[in-house]
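Peer 1: Attaching a single structure in structure tokens format; questions to follow.
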Amino acid sequence: MADKKQPRSVETAAGMPIQHLNKVGVAQMDDNIVEVIPGIFGEVQPTGCIISTLTKSSSGYANKRLRINGEWKTFTVHRLVLENILGRPIRPEYFACHTCDVRNCINPNHLWEGSRLENSQDRFKKGRIKDVGSTSAPKPQKQVRGIEVIPGIRAEIQPNGCMICTLAKRSDGYAIKGTKIKGKTQSFYAHRLVLEHKLGRPVKPGYFACHSCDDRGCVNPDHLWEGTPADNSRDAIEKNRFPFVPGKICPNRKLKPEQVREIRYLLSEGISKAKIARTFAISRSQIILLARGEIYRDFF
């Protein structure tokens, strides 16, 4: 019966084995499998690295679970190896660093104890980070969308000349910009802020920031103007965007001539305006205007 191959041991500096590490026997070991410290085995690579045979975490480090005081705890294998070589635990706030930059390497000659700064300096020298103060590999910068209309407000130019704001929009289609005032964040319409920047002053009280393009998400300064509610309504009427126009036939009206006559009849019978509005799926205010003769005057 052939003798079972025994794992080779790597000669390392003398050191006390870490407590709670139990020696594990491994049968039929290949010639390139070595026991680095009791219970920790690795595979020798042509580069000189010794890759741990234990499972790796998602971050690439090999882990070993140990039972300490009745509780199972997980440790990184390269840290256990370094502590075994040092004969003491790694100092608080210090890392078990790699000279080879292979995270699951457990070759004692590739491991060293370093502070956060020393680790960053080592990675900086190797070109793995852009500055010494960084503690992680550089991440690609997020692509900035559109052009900056005014500071803090960006927009994407459309073929029709509109500049659609890239900020979040409300359900009514207007873009909102959060601004901190006296420690509290307040929300403002982005197109209003752009108009005020264009005018060099706040929009007058009771006035609106109006669109000439009728696109609520547009922040093109050339498409914005200051107007009263009456100016805004007049502009909407001229563009046939107003739901109804007093004394004038509007192409967007909801009611047909026979419906108008029926509503007038119901009003004469004393039926409540709210009930009539629900019946014809229109607003109560529209029923009131109809009763006054302010709308649908052409229907008799």
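The values are calculated or read from the model by the stated rules, or taken from the named source; none is laboratory data. These numbers were taken from a predicted model, which means no experiment stands behind them. Cβ coordinates were reconstructed from backbone atoms using ideal geometry, including for glycine residues, and neighbour counts include every protein chain displayed. To get the accessible areas, we keep the full protein, side chains included, count just its heavy atoms, and leave off ligands, DNA and RNA. Shrake-Rupley method; radii C 1.70, N 1.55, O 1.52, S 1.80 Å.
Peer 1: Between Ile157 and Tyr265, 0.36 nm times their residue separation minus their Cα-Cα distance comes to what? Don't jump to the answer; show the numbers that get you there.
Peer 2: Working: separation 108, 0.36 × 108 = 38.88 nm, distance 5.27 nm.
My answer for the length gained is 33.6 nm.
Peer 1: Now for a separate question. What is the distance, in nm, between label points placed 7 Å from the Cα along the Cα-to-Cβ direction at Arg216 and at Glu238?
Peer 2: Those two pseudo-labels are separated by 2.3 nm.
Peer 1: Which percent of Cα pairs goes in each bin when the distances of the stretch 155-218 are cut into 10 angstrom slices starting at zero?
Peer 2: Values per bin, smallest distances first: 20, 51, 26, 3.
Peer 1: Separate question: Working with all protein chains in place, sort Ser57, Ser120 by solvent-accessible area computed with a 1.4 Å probe, largest first. Please report the intermediate quantities before stating the final value.
Peer 2: Details: Ser57 40, Ser120 5 Å².
Most to least solvent-accessible, the answer reads Ser57, Ser120.
Peer 1: Order Glu93, Glu71, Glu83 by their accessible area, 1.4 angstrom probe, all chains in place, largest first. The partial results should precede the final answer.
Peer 2: Numbers: Glu93 150, Glu71 110, Glu83 30 Å².
Ranked list, largest accessible area first: Glu93, Glu71, Glu83.
Peer 1: Give the ranking of Ser115, Ser283 by solvent-accessible surface, highest area first, calculated with a 1.4 Å probe. Walk me through the numbers before you get to the answer.
Peer 2: Values: Ser115 25, Ser283 55 Å².
So, going from the largest accessible area down, we get Ser283, Ser115.
Peer 1: In nm, what is the difference between 0.36 nm times the number of residues separating Ile176 and His197 and their Cα-Cα distance? Spell out each step's value before the answer.
Peer 2: Working: separation 21, 0.36 × 21 = 7.56 nm, distance 1.56 nm.
Here the segment from Ile176 to His197 would lengthen by 6.0 nm.
Peer 1: Also, I was wondering about something else. Rounded to the nearest 10 Å², what accessible area does Trp72 show when all protein chains are kept and the probe is 1.4 Å?
Peer 2: Accessible area, nearest 10 Å²: 140 Å².
Peer 1: Taking R0 as 35 Å, what FRET efficiency do you get between Leu66 and Thr99 from their Cβ-Cβ distance, rounded to the nearest 0.05?
Peer 2: Values: r = 26 Å, r/R0 = 0.74.
With a Förster radius of 35 Å, E is 0.85.
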